[in-house]
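Take a look at the structure set out below.
What follows is calculated from the coordinates using simple rules that are stated; it is not laboratory data. Source: prediction; values computed, not measured. Ideal geometry is used to build each Cβ from the backbone, glycine not excepted, and the neighbour counts take in all protein chains shown.
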Amino acid sequence: MLVLKDVEVTIEGKTSRLRALFNSGSSFTIMGYEILGERFGEVKVRKLPETVEAFLLNGQKMIIDGYVDAEIRIEEYRIYDRIYLSKGVVKEIILKGERKPMPELIIGAPTLETWGLELDLKTGEVISRGTLIL
């Protein structure tokens, strides 16, 4: 399931509004280093002990090698989660022969499950079924 929504992300006291793709098929909540730098400037990136391979919707491989911890506001809800980072996250992809802009943040299944969030494909809403901070 996929839902696009604007969210507010705060990293080390710096806040930015990002276009997020809620993707229950994604194993990670992820952002590109380029977006991180453009939207949040200098922040401390923690490196993973080992790199991890992942794939975009179009099958393009990317390497995840770092992360930041963030506060993410989804409508009136506030959650705290880890955002993994990759240099391989591009600003647009070609999907079924068409250029499509990539969201600035992909919110994956572990974040959805941890915070009790569900996606309503009919309305495009994110629904809370768990305990979120208001």
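What percent do you get for the relative contact order of the chain when only Cα pairs under 8 Å and 6+ apart count?
31
Counting charges near residue 129 (Lys, Arg +1; Asp, Glu -1) among other residues having Cβ under 13 Å from its Cβ returns a value of -4.
So if a site counts as exposed when it's one of the trypsin sites (Lys or Arg not before Pro), its DSSP state isn't H, G, I, E or B, and it has at most 12 other Cβ atoms within 10 Å, what's the longest stretch of the chain without one?
My reading of the result: 45-90 is the longest stretch.
Using 0.36 nm per residue and subtracting the Cα-Cα separation, the extra length available between residue 128 and residue 82 on full extension is 14.7 nm.
Near the amide H of residue 62, within less than 5 Å, lie the amide hydrogens of 54, 55, 56, all on another chain or at least 5 residues away, with H placed in the peptide plane.
Of interest is the spacing of the C-alpha centroids, which for segment 1-65 and segment 68-99 amounts to 4 Å. Computed over the alpha carbons of segment 70-134, Rg followed by Dmax gives 14.0, 42 Å. This structure gives Kirkwood radius over Cα pairs in Å, computed directly, and of (i) 24.2; (ii) 19.3; (iii) 15.1 that value is listed as (iii). For the pair residue 10 and residue 113 in one chain, pulling the backbone fully straight at 0.36 nm per residue adds 35.0 nm over the alpha carbon distance.
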